[in-house]
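Any read-out appearing in this document is the output of simple, stated calculations on the displayed coordinates, not a laboratory observation. Please read all numbers here as calculations on a predicted model, not as lab measurements. All Cβ positions, glycine included, derive from the backbone under ideal geometry; neighbour counts span all protein chains shown.
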Amino acid sequence: MAMYIVLLGPPGAGKGTQAQVIAKEFGLMHISSGDLFRENLKNMTELGKLAQGYMNRGELVPDDVTIAMVKDRITRPDCAQGVLLDGFPRTPAQADALAKMLGELGQKVTSVPYISVPADVLIERLSGRWTCPTCGSVYHEKYNPPKVAGKCDREGSELIQRDDDKPATVERRIRVYMEQTAPLIKYYQDRGLLVEVDGRQSIESVSQHMLAALRKD
Ligand code: AP5
């Protein structure tokens with residue numbers, strides 16, 4: 001059975017950072033719903049234009065639109081060896097839809113690592129985050145700085161800050177997470193799939209704990 005891992009955690013918990021490590025270790029396709037929306041936005045597609053308003057306000061894009069986008073991606077042949085989902089599902093309706101779409105492929109969610117981090121730490125992490133627009137590598141000006149300030153270690157591209165990392169939008173995103181996404185902790189706990197990892201540790205320690213937990217599954 002292929003691995004279908006759902007990475008759960010609040011905005012800024014380190015999902016994108018850890019996703020790169022886990023996907024490489026287990027040879028999984030990394031699917032980030034946020035990255036899919038941002039790619040659509042960059043290409044000015046109808047989906048991107050629709051998502052833009054929700055993202056800038058720190059709200060969730062409606063379930064039907066998000067589910068259709070992920071279903072289209074996850075059913076492609078390059079996902080048959082397993083997938084690491086980052087940012088999806090974010091509501092119980094999305095979680096039910098994921099179970100259904102994987103069931104149709106003869107698969108199921110195999111593990112749900114949950115990165116727990118308190119709100120004050122999240123705000124500091126998001127305000128210091130810089131991202132490579134070419135390869136998506138994630139940096140932090142204090143906790144994970146690039147070798148040359150402002151440049152991606154891999155691509156040499158000029159690093160950028162996300163529009164939705166402004167303080168007011170970050171606070172809204174955290175509130176929306178608490179209201180709409182946090183119920184998934186119990187959802188996956190009830191199904192025996194949740195593995196909690198303390199996200200306040202260093203990036204390397206979080207990776208070690210997460211990889212150890214996933215190897216046990
Ligand atoms: P999305 O792109 O998914 O954003 P998010 O969930 O808010 O998560 P982030 O990407 O902000 O944080 P992360 O946990 O990946 O942290 P990172 O590794 O970067 O979604 C954006 C928007 O798209 C949503 O608001 C919504 O509008 C829409 N959307 C997306 N999916 C959707 C869905 N399913 N349904 C509806 N709408 C959806 O780390 C953060 C920073 O901390 C970095 O600088 C990093 O270097 C640093 N860091 C990481 N780990 C550590 C550590 N252990 N110690 C110190 N620093 C660390």
| request: Based on the mean of other Cβ atoms within 10 Å per residue, sort peptides 11-22, 76-87, 139-150 so the most packed one is first. | output: 11-22, 76-87, 139-150
| request: Find how much the distance from MET1 to LYS42 grows on full extension, using 0.36 nm per residue of separation minus their present alpha carbon separation; answer in nm with one decimal. | output: 11.2 nm
| field | Alpha-carbon centroid distance for the pair segment 34-98 / segment 1-29, whole angstrom | value | 16 Å
| said: Given R₀ = 30 Å, what would the calculated FRET efficiency be for LYS142 paired with ASP190, taking r from the Cβ atoms and rounding to 0.05? | reply: 0.20
| the chain, relative contact order [Cα under 8 Å, separation at least 6], % | 30 percent
| Can you list the aspartates and glutamates whose alpha carbon sits under 18 Å from that of LYS142, skipping same-chain ones fewer than 8 residues off? | ASP120, GLU124, ASP153, GLU158, ASP165, GLU204
| query | 222 nm [θ] for the chain, helices only, -39500 (n - 2.57) per DSSP H run of 4+, per residue, to 500? | reply | -14000 deg cm²/dmol
| LEU211 to ALA80: extension gain in nm, 0.36 nm per residue of separation minus the Cα-Cα distance? | 45.1 nm
| said: With +1 assigned to the C-beta of every Lys and Arg and -1 to the C-beta of every Asp and Glu, and no other charges, what is the dipole magnitude of the chain about the Cα centre in debye, to the nearest 20? | reply: 140 debye
| Going by how many other Cβ atoms sit within 10 Å of their own, how do ARG191, ARG90 line up, fewest first? | ARG191, ARG90
| note | Ranked from fewest to most other Cβ atoms within 10 Å of their own Cβ, MET29, MET44 fall in the order MET44, MET29
| query | Quick one: putting +1 on the C-beta of Lys and Arg, -1 on the C-beta of Asp and Glu, what dipole do you get for segment 123-182 around its Cα centre, in Debye to the nearest 20? | reply | 100 debye
| To the nearest Å, what is the center-to-center distance of segment 198-214 and segment 148-163, using C-alpha atoms only? | 25 Å
| request: Find how much the distance from ARG172 to GLU59 grows on full extension, using 0.36 nm per residue of separation minus their present alpha carbon separation; answer in nm with one decimal. | output: 39.9 nm
| remark: Pseudo-spin-label distance GLU179 to ASP153, built 7 Å along Cα→Cβ, given in nm, is 3.9 nm
